[in-house]
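Just below is one structure, and these are the notes that go with it.
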Amino acid sequence: RRKIVGVNPAIRWRIAEVVNTYNNMVEKYANKYNVDTDLVKAIMFSENACGHYYGVNELMDYLKLSKSQTPMNIRGDIWSDFQGKHYDTYNPEQNIELSVRLIKQIYDSLDNPTPAKVITLWNSAGKNKISSFGYRGENAYKNKSWLKEK
């Protein structure tokens, strides 16, 4: 098992704030599609922790130039048309709904879904073993790293 690298404490509060900003949307769609809300939050936290560029992400999204769109860091060029529905991944609510639906599909496709496995496949569909991203996400999931009081 690989060593899990933590999130820089200097930016952890900012990442937690992103997750908490979208809490209601996450809960809405996780409940609608029967997905563990903490799993969605762990993925959002991990994606924002690993892809954090001190505001550049938000600027690139605003200019519609980003390769993957926040808050879930999902690639619209790959996933915007999903199971017969079109999503605008620059729209946070549609971004989250699409992401939750994709997480649900990943989860349901596994014989023994664990947070580390789901998070690994979320980050890279071609992985056949748990990645360091999967372990970091699992750590975020277990510790609820997005909670501000931590």
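Taking ALA140 as the residue in question, decide whether it is of a type in the set (A, V, I, L, M) and either under 20 Å from LYS64 (Cα atoms) or open to solvent by less than 40 Å² (accessible area, probe 1.4 Å) (or both).
On the way: of a type in the set (A, V, I, L, M): yes; either under 20 Å from LYS64 (Cα atoms) or open to solvent by less than 40 Å² (accessible area, probe 1.4 Å) (or both): yes.
Here the answer is yes, as ALA140 does meet what is asked.
Can you tell me which residue within the stretch 66-88, out of those that are over 13 Å from the mean Cα position of the chain (by Cα) and in a loop (DSSP other than H, G, I, E, B), is surrounded by the fewest Cβ atoms within 10 Å (Cβ to Cβ)? My answer is GLY84. Quick check on my filter: what residues within the stretch 30-57 are free of Cβ contacts under 8 Å to residues at least 60 places away in the same chain and closer than 16 Å to GLU93 by Cβ? Once the filter is applied, which keeps residues that are free of Cβ contacts under 8 Å to residues at least 60 places away in the same chain and closer than 16 Å to GLU93 by Cβ, the stretch 30-57 yields ASN31, THR37. Which residues, taken from the stretch 1-43, are at pLDDT 95 or above and either surrounded by 18 or more Cβ atoms within 10 Å (Cβ to Cβ) or among the hydrophobic types (A, V, I, L, M, F, W, C) (or both)? If the condition is that a residue be at pLDDT 95 or above and either surrounded by 18 or more Cβ atoms within 10 Å (Cβ to Cβ) or among the hydrophobic types (A, V, I, L, M, F, W, C) (or both), then TYR22, MET25, VAL26, TYR29, ALA30, VAL35, LEU39, VAL40, LYS41, ALA42, ILE43 are the ones that fit. Scanning the stretch 44-60 for residues that are at pLDDT below 80 and open to solvent by 20 Å² or more (accessible area, probe 1.4 Å) yields a count of 10. Inside the stretch 28-65, residues that are part of a helix (DSSP H, G or I) and more than 23 Å from LEU121 (Cβ to Cβ) make up a count of 7.
Within the stretch 96-116, can you find the residues that are open to solvent by 70 Å² or more (accessible area, probe 1.4 Å) and within 15 Å of the chain's Cα centre (by Cα)? Spell out the reasoning first.
Taking the stretch 96-116 and keeping what is open to solvent by 70 Å² or more (accessible area, probe 1.4 Å), we get 105, 107-109, 111-112.
If the condition is that a residue be open to solvent by 70 Å² or more (accessible area, probe 1.4 Å) and within 15 Å of the chain's Cα centre (by Cα), then GLN105, TYR107 are the ones that fit.
The values are calculated or read from the model by the stated rules, or taken from the named source; none is laboratory data. Small disclaimer: the values here were computed from a predicted structure and weren't measured. We place every Cβ from the backbone using ideal geometry, glycine too, and count neighbours over all the protein chains shown. Ligands, DNA and RNA are excluded from the accessible area calculation, which covers all protein heavy atoms including side chains. Shrake-Rupley method; radii C 1.70, N 1.55, O 1.52, S 1.80 Å.
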